[in-house]
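Notes follow once the structure below has been shown.
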Amino acid sequence: MLQSKFVKLEDRGILAVVGPDRRVFLQGLVSNDVEKVSGERACYAALLTAQGKYLHDFIMTEHEDAIWLEVEMARLADLKRRLSIYRLRAKVTLDERPDLAVIAVFGGAVAAALGLPEEPGAGRSLAGGVAFIDPRLAALGGRCVLPRNAAPQALAEAGLAAGDFAEYDRLRLVLGVPDGSRDLVLDKSILLEAGFDELNGVDWQKGCYIGQELTARTKYRGLIKKRLFPVRIEGPAPAPGTILMQGGREAGEMRSSRDDIGLALLRLDAADQASQAGDACLAPITPDWMRLPV
């Protein structure tokens with residue numbers, strides 16, 4: 001059996017929402033049901049514009065008296081600023097937690113290594129922090145949010161070997177899972193184009209949140225015409241934002257990539273054949289989890 005590996009995600013940070021109103025405060029803002037978040041359950045969610053366009057995505061988990069939002073480190077201050085606008089009289093504080101490390105665990109029997117069921121979002125406390133199966137897709141592996149000083153011993157006791165970020169990033173790309181603003185365009189991208197429905201990022205039964213009406217309308221009226229697909233690349237990988245072509249017609253736009261695998265936003269009617277960008281040929285792959293219109 002392959003040994004599970006870990007890699008510290010230095011581009012990820014933690015914003016802690018602390019206080020007695022933390023659930024009520026977040027519930028009216030984000031795309032998933034905050035009532036489902038606990039020390040035993042992590043959830044994936046997004047903050048949108050009033051027009052239902054992407055601003056931030058994050059994984060939510062709870063530890064003691066705080067809900068931790070695992071977010072892009074470079075955009076953590078922006079998320080804090082945006083959430084502060086809505087705080088008003090809510091009894092919450094928004095605290096940056098540089099003392100916490102975010103760690104991805106992948107390969108081998110991740111659930112067994114972390115002592116968890118192999119179920120998206122399943123979690124438990126670990127070494128003063130939390131460990132959980134990735135709530136988006138169990139095939140991505142697990143996550144740990146741990147105090148930086150406790151992380152080395154906790155990871156060693158779990159029998160994990162140090163891994164390489166490039167290896168984890170390739171796994172993410174092969175599975176077709178977006179990585180924040182590397183793959184989603186601020187104030188433009190639509191959640192359902194990026195798989196948030198199938199990746200457990202939207203709760204369709206919860207009450208209102210910012211952008212909820214337009215997100216629901218997009219789903220129930222079948223308005224999605226593009227999807228984010230993994231693509232196998234032959235030739236030099238196009239830069240993010242490069243327009244992809246099919247027979248003189250635009251087929252989509254390149255997003256993140258690594259070596260011969262990447263993600264591209266493609267028209268659904270163009271996702272059954274290869275596209276070109278300069279000297280590169282890009283063949284789309286449909287992940288097992290993705291639900292496409294018949």
> Counting only residues that are more than 30 Å from Phe165 (Cα to Cα), among the β-branched types (Val, Ile, Thr) and touching a strand residue (DSSP E or B) at 6+ places or on another chain (Cβ under 6 Å), how many does region 1-48 have?
Replying inline: 1
>> If the requirement is being assigned by TED's automatic domain parsing to the domain that holds Leu88, surrounded by fewer than 23 Cβ atoms within 10 Å (Cβ to Cβ) and within 18 Å of Leu126 (Cα to Cα), which of these qualifies: Ala42, Ala50, Ala66?
In response: Ala66
> Right, Gly52: on the phi > 0 side of the Ramachandran plot and touching a residue at least 60 places away in the same chain (Cβ under 8 Å) or not?
Replying inline: yes
>> Any residue that is buried (at least 20 other Cβ atoms within 10 Å of the Cβ), in contact with a Phe, Trp or Tyr (Cβ under 7 Å, 6 or more places away or on another chain) and of a type in the set (D, E, K, R) - is there at least one of those in region 3-10?
In response: yes
>> Looking at the structure I just gave you, is Leu184 in contact (Cβ under 8 Å) with a residue 60 or more places away in the chain, crowded, with 22+ Cβ neighbours inside 10 Å, assigned by TED's automatic domain parsing to the domain that holds Asp65 and not hydroxyl-bearing (Ser, Thr, Tyr)?
In response: no
> Would it be correct to say that Lys225 is charged (D, E, K, R) and closer than 17 Å to Ala271 by Cα?
Replying inline: yes
> Considering only region 250-280, how many residues are in contact (Cβ under 8 Å) with a residue 60 or more places away in the chain and of a type in the set (Gly, Ala, Ser)?
Replying inline: 3
>> touching a Gly at 6+ places or on another chain (Cβ under 8 Å), buried (at least 20 other Cβ atoms within 10 Å of the Cβ) and at pLDDT 95 or above: which single residue out of Gly141, Gly129 fits that description?
In response: Gly141
> Can you find a residue in region 35-47 that is of a type in the set (S, T, N, Q) and in a strand (DSSP E or B)?
Replying inline: yes
> Any idea which residue in region 77-105 is surrounded by the most Cβ atoms within 10 Å (Cβ to Cβ), counting only those that are in a loop (DSSP other than H, G, I, E, B) and free of Cβ contacts under 8 Å to residues at least 12 places away in the same chain?
Replying inline: Leu88
> Which residues, counting only those in region 123-168, are under 13 Å from the mean Cα position of the chain (by Cα) and either β-branched (Val, Ile, Thr) or assigned by TED's automatic domain parsing to the domain that holds Asp197 (or both)?
Replying inline: Ile133
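The values are calculated or read from the model by the stated rules, or taken from the named source; none is laboratory data. Only a predicted model underlies this, so the values are computations on that prediction, with no experimental measurement involved. Because the Cβ atoms are built from the backbone with ideal geometry, glycine has one as well, and the counts that use them run over all protein chains shown.
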